[in-house]
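Read-outs: derived from the displayed coordinates by stated rules, not from any lab. Just so it is clear, the model here is predicted, and its values are computed rather than measured. As a convention, Cβ positions derive from the backbone with ideal geometry for all residues, glycine included, and neighbour counts pool all protein chains shown.
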Amino acid sequence: MTLTMNREETGALPNPLGIAGIEFVEYATARPQAFGQVLQMLGFVPVARHRSREVTLYRQGGMNVIVNAHGPAAAAGDAEVPEVPRIAALAFRVRDAGAAYRRALEHGAWAVPVNVEPMELHIPAIHGVGASRIYFVDRWQEFSIYDVDFVPIPTVDARPQPLAGLRWFGVVQYVGNERTEDWIEFYRELLGFEPIRPEQAFGILPKGRVLASPCGSFYLQLVEPEPGILDVEDDEQMVRVAFGTPDVLAAVSLLGARGIEFHESPQLRTDARGALTKPLLGGVLFELVQVKE
């Protein structure tokens, strides 16, 4: 995702679900400790552990990442938990989780049966791309979902400050051949996303179509295979998250000192607009995008 723009340029988008940002991104992995080390290099801190599952909550600033290694459930429907960490779910902050869930179903979403243990919260979810899930969360201010399901890690600051002003910027999704319009309609009809003008998108990875969330605080980028080069029908998935930062080069320097390496080649170089990490743990990528303060 490579977009630098004043968020006010998106205008007032309809917001039928009352979306107010990303609450968490969930990764499924059979290597939770190794992936946790990567997250800590990126500035995330483990702040809580699930009461009954092999799940850990990492946080920096307003960003939450859930690392789920709890059996088949962590793979969002797969038979086994994946070795390479994979995005299994997105959770959106909304005004009313129940109302958002019902409206999404009324507009064609597929419900995800949620199996909760005693003393656990029921968080409504719909099916996303591939085997992923989209959750609706309305407990994110005075009280949060983590107050019920997670136990804080002692002596750890529950609100660690972000490195280099990092914040959620968006998620990149790979789609099948000639499937972009189908996914635009999915996100528009169910969630209220709208494509931005093509001339607003620029940077080191300009391919695909960028959709603005109805709250204007984050984006989705849809990328098809190269025409005539790769025929993709079933391999649709969320492939990476993008962090916004006011100073990409400063963030690259800071993260580089913590052990994160960035992709450099004649075709793709770090610059003030953005940067892409080298693959981590066999294939995990993260992106940096310049945003205005």
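Structural remarks
- Annotation for the range 102-209: GluC sites (Glu not before Pro) lying in DSSP loop with at most 11 further Cβ atoms inside 10 Å of their Cβ are Glu142, Glu178.
- Counting only DSSP beta bridges whose two residues both lie in the range 22-152, roughly 75 percent are antiparallel.
- Global form of the chain, assessed from the alpha-carbon gyration tensor, a/c cut-off 1.5: rounded
- Check: the chain dipole with +1 on Lys, Arg Cβ and -1 on Asp, Glu Cβ, in debye: 860 debye
- Relative contact order of the range 22-152: 27 percent, from C-alpha pairs under 8 Å at least 6 residues apart in sequence.
- DSSP-defined antiparallel bridges as percent of all bridges, the chain, nearest 5: 70 percent
- For Val45, nonlocal amide neighbours, meaning residues 5 or more places apart or on other chains whose placed amide H falls under 5 Å from its own, are Arg59, Gln60.
- Most mobile of Gly36, Gly128, Gly283 in a GNM of the chain (Cα contacts under 10 Å): Gly283
- Evaluated over the range 22-152, the Cα radius of gyration and Dmax, each in Å: 14.2, 42
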